[in-house]
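Data block below; observations after.
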Amino acid sequence: NENPYGCTPRVKEALFSCRYYHLYPDSEQRELRRALQEYVGVPASRLLVGAGSDELIDLVLRLFVDPGDRIINCVPTFGMYSFSAEVCGGKVVEVPRDENFEVDVSEVTAAIRDKDAKLVFLASPNNPSGNTTPERDVLRLLDTGVVVVLDEAYCEFSGETMVSLAKSYENLIILRTFSKWAGLAGLRVGYGVFPSQIMPHLMRIKTPYTVSIAAQIAAIESLRDMAYMQRTIQTIIAERQRLFTRLCGIKGLKPYPSKSNFLLCYVAGHRAPEFHGELLRRGISVRYFDTPRLRDCLRISVGKPEHTDALIAALEGIC
């Protein structure tokens, strides 16, 4: 799910001209957090930067979860929530999404109560389905009092965020990343909006120097060139719609509406593994998930127009 257009040229220029690679990076990422304060609209004191949102997921679990504690995971979703929870000794309670991959809020609230869960993980837009969770559903979960970890890794492609709720709810954590919209997946930099009272505890357990000088420079320059990045984002959104329309025109394929930079596509006749293999043989890589809910689906990243054209031609040849 990378950005096919890459980072802004300002990132490359800044990385080339930096003269401080021999020094350790700022372990508190102060300049980047000040820039994020302007971008997100949240005080820098509530922002924590990590080596991708994966590090922040791990930190949250280490802070809140003791061995045997339960977390709620709304499946199918991003695999790192359950992976990191199990590494920390947590027990993962899976609450299935419905046939349209919407969160069953009643089932989640029941699981929170019955399982005495410590955390709920929720991705919006969700990976791999691409749909967002309505604010009313997030509010219902927040009102239970459980800590809700809302992963907004793809929010730049949806235009939807619930960061304003962080001002009112001390049990809301929001995670984001520069990997997708900013084209910095290879540099590993993400950030989170956290309740004020847990920031000192997170800083105490966070390993210093995990966010390199290069990653901090690249993230800062991305935020300084939002006009360029917004053009790239809008280009990807437009191509997402074109890809959706083209997939709808192929018999046996049913793409799900997406607000991310990828599409989940149902393949009729249990042929998803076959399609996956045939596309690989043609030099096209899409994601196949060998899990019960997704065995008949492929996840397709939105690329450049020529990537869409090559994919459609290959799919038409397979069909």
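In the range 221-248, the residues that are without any contact (Cβ under 8 Å) to a residue 12 or more places away in the chain form Cβ pairs under 9 Å with partners that are surrounded by fewer than 19 Cβ atoms within 10 Å (Cβ to Cβ), at six or more places apart or across chains, as follows: 248/254. Residues in the range 159-197 that are touching a residue at least 40 places away in the same chain (Cβ under 8 Å), among the hydrophobic types (A, V, I, L, M, F, W, C) and surrounded by 18 or more Cβ atoms within 10 Å (Cβ to Cβ): 166, 173, 175, 178, 181, 182, 184, 189, 193, 194. Taken together, the residues in the range 22-43 that are of a type in the set (Ser, Thr, Tyr) and in contact with a Phe, Trp or Tyr (Cβ under 8 Å, 6 or more places away or on another chain) amount to 2. Filtering the range 263-286 to residues that are in contact with a Pro (Cβ under 8 Å, 6 or more places away or on another chain) and surrounded by fewer than 16 Cβ atoms within 10 Å (Cβ to Cβ) leaves only 266. Quick one: how many residues across the range 82-97 are under 19 Å from residue 288 (Cα atoms) and out of contact with any Pro (no Cβ under 9 Å at 6 or more places or on another chain)? Looking only at that region, the number is 2.
Regarding residue 299, is this residue among the charged types (D, E, K, R), closer than 23 Å to residue 128 by Cα and surrounded by fewer than 17 Cβ atoms within 10 Å (Cβ to Cβ)?
In short, no.
Return yes or no: is residue 291 β-branched (Val, Ile, Thr) and within 25 Å of residue 75 (Cβ to Cβ)? Spelling it out, residue 291 is indeed β-branched (Val, Ile, Thr) and within 25 Å of residue 75 (Cβ to Cβ). Pairs linking a residue in the range 55-71 that is within 9 Å of residue 89 (Cα to Cα) to a residue that is of a type outside the set (Lys, Arg) and part of a loop (DSSP other than H, G, I, E, B), with Cβ atoms under 6 Å and 6 or more positions apart or on different chains, are 65/88; 65/90; 67/89; 69/90. Among the residues of the range 163-194, those that are assigned to a loop (DSSP other than H, G, I, E, B), aliphatic (A, V, I, L, M) and over 18 Å from residue 57 (Cα atoms) comprise 182, 184.
Test of understanding: among 305, 255, 292, 273, which residue is closer than 27 Å to residue 133 by Cα and at pLDDT 95 or above?
Values: 305 fails: closer than 27 Å to residue 133 by Cα; 292 fails: at pLDDT 95 or above; 273 fails: closer than 27 Å to residue 133 by Cα.
After applying the criteria, what remains is 255.
Tell me which residues, restricted to the range 108-163, are charged (D, E, K, R) and either under 20 Å from residue 291 (Cβ atoms) or over 12 Å from the mean Cα position of the chain (by Cα) (or both). Walk me through it before giving the result.
First, pick out the residues of the range 108-163 that are charged (D, E, K, R): 113-116, 118, 135-137, 140, 143, 151-152, 156, 160.
Scanning the range 108-163 gives 113, 114, 115, 116, 118, 135, 136, 137, 140, 143, 151, 160.
Of all the listed residues (3, 73), the sole one being at pLDDT 95 or above, closer than 30 Å to residue 105 by Cβ and under 21 Å from the mean Cα position of the chain (by Cα) is 73.
Looking only at the range 272-307, count every residue that is touching a Phe, Trp or Tyr at 6+ places or on another chain (Cβ under 9 Å) and not basic (Lys, Arg) and tell me the total. Steps first, answer last, please.
Taking the range 272-307 and keeping what is touching a Phe, Trp or Tyr at 6+ places or on another chain (Cβ under 9 Å), we get 272-273, 275-277, 286-288, 293-302, 304.
Within this subset, residues satisfying the condition of being not basic (Lys, Arg) are 272-273, 275-277, 286, 288, 294, 296-298, 300-302.
So the answer is 14.
The criterion of at least 2 residues that are under 20 Å from the mean Cα position of the chain (by Cα) is met by the following strands (runs of 3 or more DSSP E) wholly inside the range 246-319: 262-267, 297-301.
The values are calculated or read from the model by the stated rules, or taken from the named source; none is laboratory data. The structure displayed is predicted, hence computed values, not measured ones. When we count neighbours, we look across all protein chains shown, and the Cβ atoms used for this are built from the backbone with ideal geometry, even at glycine.
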